[in-house]
1. Conditions: (1) open to solvent by less than 30 Å² (accessible area, probe 1.4 Å); (2) of a type outside the set (S, T, N, Q); (3) out of contact with any helix residue (DSSP H, G or I) (no Cβ under 9 Å at 6 or more places or on another chain). Pro120 meets all but one. Number of the miss?
2. Is one or more of the residues making up region 76-88 in contact with a helix residue (DSSP H, G or I) (Cβ under 8 Å, 6 or more places away or on another chain) and within 20 Å of Pro168 (Cα to Cα)?
3. In this structure, does Ser20 turn out to be at pLDDT 55 or above, out of contact with any Ser or Thr (no Cβ under 7 Å at 6 or more places or on another chain) and open to solvent by less than 100 Å² (accessible area, probe 1.4 Å)?
4. Pull up region 49-78, narrow it to residues that are touching a residue at least 60 places away in the same chain (Cβ under 8 Å) and within 12 Å of the chain's Cα centre (by Cα), then point me to the one that is surrounded by the fewest Cβ atoms within 10 Å (Cβ to Cβ).
5. Among residues belonging to region 87-120 that are within 9 Å of the chain's Cα centre (by Cα) and in a loop (DSSP other than H, G, I, E, B), point out the one that is farthest from Thr58 (Cα to Cα).
6. Restricting the first residue to region 93-119 and requiring it to be closer than 22 Å to Lys54 by Cα, which pairs with a second residue that is open to solvent by 20 Å² or more (accessible area, probe 1.4 Å) and of a type in the set (S, T, N, Q) meet a Cβ separation below 7 Å and a spacing of at least six or different chains?
7. Find the residue count for region 79-95, including only residues that are touching a strand residue (DSSP E or B) at 6+ places or on another chain (Cβ under 8 Å) and open to solvent by 40 Å² or more (accessible area, probe 1.4 Å).
8. Would you check if Gln65 is at pLDDT 95 or above and part of a helix (DSSP H, G or I)?
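The values are calculated or read from the model by the stated rules, or taken from the named source; none is laboratory data. In this text, all values refer to a predicted model and were calculated from it rather than measured experimentally. Here Cβ is always computed from backbone atoms with ideal geometry, including for glycine, and neighbour counts include all displayed protein chains. Side chains included, ligands, DNA and RNA excluded: accessible areas come from the protein's heavy atoms. Shrake-Rupley method; radii C 1.70, N 1.55, O 1.52, S 1.80 Å.
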Amino acid sequence: MEATLFTLPPPSATAVSLKSHFHNPLLLPSPTPTTHRKPTRPPLTIRSAISRTKKEETVETVKQQLQDCHLIAGINYKGFTVQQFQQLRTTFPDTTKLIVAKNTLVLKAIEGTQWESLKPCMKGMNAWLFVHSEEIPAAIKPYRTFQKEKKLEDNDFSGAVFEGKYYPPEEFKALENMPTRVEVYAKLLGSLKGPATSVVGTLQAPARNLVMTLKAYVKKLEEEGGAGQ
């Protein structure tokens, strides 16, 4: 009788064979790995260029508003809604513009100008009021009314510059109670001697030069009075 020899495969081959031919019901199949694709984004250089362009446009817009500007005031707009901004813009006269811009960009636009005094209110979130009229109280009043109606006590003026002087929030009463140009003229016509036409003729200077103009006119009257004696 011939002996039959059995040869066993190497251990590694056995392990592979068992795994391939027998299924263990207690083992769950391993999940198929999935790949998550990240959303495609524009190259950083393009995004940076777009951001830089928008900043440059904002600075240029502010510089344009500085032309023939009589007053710049900051308004703390933290918590404002888009609808509130839209409503607020409609309350101002055509000579007043409300612009939302970052403090750093406004600071860059006013650098080297008479408006640099505005630096103390470059804090927090500001909307900027550019007044292109000498009627300062009429430009400020719309926001005071809006602030009261909407109960925005915490959203006060953050500061303003008028005629090169900085006005903190606690000194805004001086701006709000400033007499109008018409009121100044009426008072002068009632108090100064001489023909009304000559008085009006001397008052054609901007508001910031009004005091100097009045002093010059008073001096002229004194000299004329002294010469007549």
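1. For Pro120, the failing item is (1).
2. So far as region 76-88 goes, yes, one or more of its residues are in contact with a helix residue (DSSP H, G or I) (Cβ under 8 Å, 6 or more places away or on another chain) and within 20 Å of Pro168 (Cα to Cα).
3. Numbers: at pLDDT 55 or above: no; out of contact with any Ser or Thr (no Cβ under 7 Å at 6 or more places or on another chain): yes; open to solvent by less than 100 Å² (accessible area, probe 1.4 Å): yes.
Judged against the criteria, Ser20 is not a match.
4. Of region 49-78, the ones touching a residue at least 60 places away in the same chain (Cβ under 8 Å) are 62, 65-66, 68-78.
Subsequent filtering for residues that are within 12 Å of the chain's Cα centre (by Cα) retains 62, 72-78.
Numbers: Val62: 21, Ile72: 22, Ala73: 28, Gly74: 25, Ile75: 24, Asn76: 20, Tyr77: 20, Lys78: 10.
My answer is Lys78.
5. Going through region 87-120, the residues within 9 Å of the chain's Cα centre (by Cα) turn out to be 98-103, 105-106.
Still in the running and in a loop (DSSP other than H, G, I, E, B): 101-102.
On the way: Ala101: 7, Lys102: 9 Å.
That would be Lys102.
6. Close Cβ pairs satisfying both conditions: Lys97/Gln65; Ile99/Thr61; Ile99/Gln65; Ala101/Thr58; Leu105/Thr58.
7. 2
8. Details: at pLDDT 95 or above: yes; part of a helix (DSSP H, G or I): yes.
The answer is yes for Gln65.
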